[in-house]
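Chemist: The structure is given below, and queries will be raised subsequently.
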Amino acid sequence: MTTYSQGQVVLLLFPFTDLTATKQRPAVILSSDSYNQSHQDVILAGIYKRRKSHVADKNRTSIYRKRP
């Protein structure tokens, strides 16, 4: 069994959203070393080159309430 350390960068195959293919991408291990040693899973986050600010703007929702 491979053990991972918190902060370690690994290369993983991330699936496309339609699940038709994968692409190798870097990810950083977020889970603690004690968690990694006692569980079969790890908690990680993908690392991306660019900041996609337009994605956050599309997902932002404003709610306006009309007063009677």
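The values are calculated or read from the model by the stated rules, or taken from the named source; none is laboratory data. It should be emphasised that the depicted structure is a prediction, and the values quoted were computed from it without experimental measurement. FYI the Cβ positions are ideal-geometry reconstructions off the backbone, even for glycines, and counts take in every protein chain you see.
Chemist: Could you check how many residues of region 12-22 are within 19 Å of residue 43 (Cα to Cα) and loosely packed, with under 10 Cβ neighbours inside 10 Å?
Modeler: Matching residues across region 12-22 total 1.
Chemist: Something else: List the strands (runs of 3 or more DSSP E) inside the chain, counting only whole elements, that have at least 3 residues being modelled with pLDDT of 90 or more.
Modeler: By residue number, 9-15, 22-29.
Chemist: State yes or no: is residue 35 in contact with a strand residue (DSSP E or B) (Cβ under 8 Å, 6 or more places away or on another chain) and of a type in the set (Ser, Thr, Tyr)?
Modeler: When the stated conditions are applied, residue 35 does not pass them.
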